[in-house]
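Student: Dropping a structure here in structure tokens format, bear with me for questions.
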Amino acid sequence: MPAGTRPDGPVAGIYYIDTGDCELVPDPDNSNGWLLKINGVMSSHIDLADPLFLDFEYMRWIAALVESRWPRAHRPKLRALHLGGGACSMARYFHAAYPEARQVVVELDGKLADYVRGWFELPKAPLLRIRVGEARQVTESLTPDTRDLIIRDVFAGAFTPRALTTREFTAHADSVLAPDGLYVVNSGDAPDLRNARADAATIADTFGHTMIIADPAMLKGRRYGNMIMAGSHEPFGDDPTLARTLLGGGVPAHIWDDAQVRAFAAGTPVRHDPLVVTTAEPASAPAE
């Protein structure tokens with residue numbers, strides 16, 4: 001695709017973007033579906049005919065958790081911040097589920113953001129804005145108490161950049177949230193679960209209430225995969241509808257409550273930003 005060309009609708013192919021390349025692939029099992037790969041790694045799925053269809057299991061878990069906190073029937077004017085854009089699958093879903101929502105998607109790659117706008121019918125601003133920038137810098141620039149929901153779904157390879165996982169960053173995210181807001185992260189990990197434990201420890205150190213959603217194999221450290229973690233200053237409560245929804249998916253998932261999350265993270269150090277050590281310049285000797 002020539003540089004600067006934005007297609008009108010999805011066109012299969014490889015596209016050069018600011019951070020490498022991406023590939024748009026038709027879904028062989030869904031005539032309305034498209035898969036987006038970024039630098040060879042599967043990133044997103046879009047169903048052009050049904051924005052409420054989420055192909056990735058972890059996205060369905062996030063949707064179920066959010067709808068448990070804010071039922072669709074109440075038509076809340078949800079204020080959502082998505083850290084990590086991809087094809088804007090979750091933002092597109094929440095627009096359909098909550099038509100009065102106001103959403104901002106933060107995407108590092110400007111060319112990718114432009115392509116996604118051209119490929120998929122995304123809501124226009126102010127319903128959905130794509131802000132090109134680095135997720136931490138954008139988060140730190142936002143006004144306190146201006147978001148109900150923050151979703152961290154940023155990856156560089158298999159893991160989230162460390163700057164987006166520390167206690168200091170999580171505190172910034174917390175300050176941007178309303179008092180009853182919800183902070184949700186997609187935590188990827190290997191079977192040793194070291195990364196997941198550190199994520200859990202950091203979120204638990206920031207928020208009064210926590211939750212983990214994952215399938216049993218992941219919770220037991222039997223495979224590579226994703227855990228959905230959430231933090232809030234409001235209790236999650238015991239929602240039987242949420243539990244049934246998670247068990248009824250293609251990959252049944254379990255919920256760990258706050259006590260289980262804190263037991264899982266016990267003994268794991270909270271992640272912090274690196275210390276910046278400055279050396280004072282020696283005082284100049286007085287002129288003779």
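Student: Over all pairs of distinct alpha carbons, what does the Kirkwood formula give as the hydrodynamic radius of segment 46-146, in Å?
Tutor: By the Kirkwood definition, the hydrodynamic radius is 14.0 Å.
Student: Still on this model: For segment 51-64, just list the computed ³J(HN,Hα) in residue order, Karplus coefficients 6.51, -1.76 and 1.60, θ = phi - 60°, integers in Hz, with x standing in for Gly and Pro.
Tutor: Along segment 51-64, the couplings run x, 7, 8, 10, 7, 7, 4, 5, 5, 5, 5, 4, 4, 5 Hz.
Student: Further question: Going toward the positive end of the dipole of the chain, with +1 on Lys and Arg Cβ and -1 on Asp and Glu Cβ, which of 260, 78, 206 do you reach last?
Tutor: Checking the options against the dipole of the chain, the answer is 78.
Student: A further question follows. Applying the Karplus parametrisation 6.51 cos²θ - 1.76 cosθ + 1.60 with θ = phi - 60° to the phi angles of segment 180-187, what ³J(HN,Hα) value in whole Hz is obtained for each residue in order, glycine and proline being reported as x?
Tutor: Result, rounded to whole Hz: 9, x, 10, 10, 10, 10, 9, 9.
Student: Only bridges with both residues in the chain count here: give the DSSP antiparallel percent, nearest 5.
Tutor: 65 percent
Student: Cβ neighbours within 10 Å, averaged per peptide: list 248-257, 111-120 in order, most packed at the top.
Tutor: Taking the mean over residues of other Cβ atoms within 10 Å, the ranking is 111-120, 248-257.
Student: Another question, then. Among 67, 168, 107, which comes first, then next, by fewest other beta-carbon atoms within 10 Å?
Tutor: Listed from fewest to most nearby Cβ atoms, that is 168, 67, 107.
Student: Can you list the residues, at least 5 places off or on another chain, whose amide H is less than 5 Å from the amide H of residue 101, using H built in the peptide plane?
Tutor: 78
Student: Rounded to the nearest 0.05, what FRET efficiency is calculated for residue 156 and residue 117 with R0 set to 30 Å and r the Cβ-Cβ distance?
Tutor: 0.85
Student: I need the peptides 89-95, 135-141, 27-33, 201-207 ranked by packing, meaning the mean over residues of other C-beta atoms within 10 angstrom, with the highest value on top.
Tutor: In decreasing order of mean packing, 89-95, 135-141, 27-33, 201-207 become 89-95, 201-207, 135-141, 27-33.
Student: With an 8 Å cut-off on Cα pairs and a minimum separation of 6 or more residues, tell me the relative contact order of segment 52-265 in percent.
Tutor: Relative contact order comes out at 19 percent.
Student: Pull out a ≥ b ≥ c, the square roots of the eigenvalues of the alpha-carbon gyration tensor of segment 142-246, then state rounded if a/c is under 1.5, prolate if not and a/b is larger than b/c, and oblate in the remaining case.
Tutor: Oblate is the answer for segment 142-246, as a/c is 1.5 or above yet b/c matches or exceeds a/b.
Student: How high is the relative contact order of segment 1-133, in percent, counting Cα pairs under 8 Å that sit 6 or more residues apart?
Tutor: Once normalised by length, the contact order is 23 percent.
Student: P(r) of segment 52-265 in 10 Å steps, Cα pairs, percent per bin?
Tutor: Histogramming segment 52-265 at 10 Å steps yields 8, 36, 40, 15, 1 percent.
Student: Enumerate the calculated ³J(HN,Hα) couplings along segment 92-109 in order (Karplus 6.51 cos²θ - 1.76 cosθ + 1.60, θ = phi - 60°), each rounded to whole Hz, writing x wherever the residue is Gly or Pro.
Tutor: With coefficients 6.51, -1.76 and 1.60, one gets 5, 4, 5, 5, 6, 7, 10, x, 9, 5, 10, 10, 10, 10, 9, 10, 5, 9 Hz.
Student: Treating the beta-carbon of each Lys and Arg as +1 and of each Asp and Glu as -1, no other charges, what is the dipole magnitude of segment 52-265 about its Cα centre, to the nearest 20 debye?
Tutor: 360 debye
Student: Run the reach check for residue 77 against aspartates and glutamates, Cα to Cα strictly under 16 Å, same-chain hits fewer than 8 apart removed. What comes back?
Tutor: 67, 100, 145, 148, 180
Student: Could you point to the residue in 157, 169, 144 farthest towards the positive end of segment 137-180's charge dipole, with +1 and -1 charges on the Cβ of Lys/Arg and Asp/Glu respectively?
Tutor: Value computed over the given set: 157.
Computed from the coordinates by the stated procedures, all read-outs in this text should not be read as laboratory data. For clarity, every value in this text was computed on a predicted model and none was experimentally measured. So basically every Cβ, Gly included, is an ideal-geometry build from the backbone, and we count neighbours across all protein chains shown.
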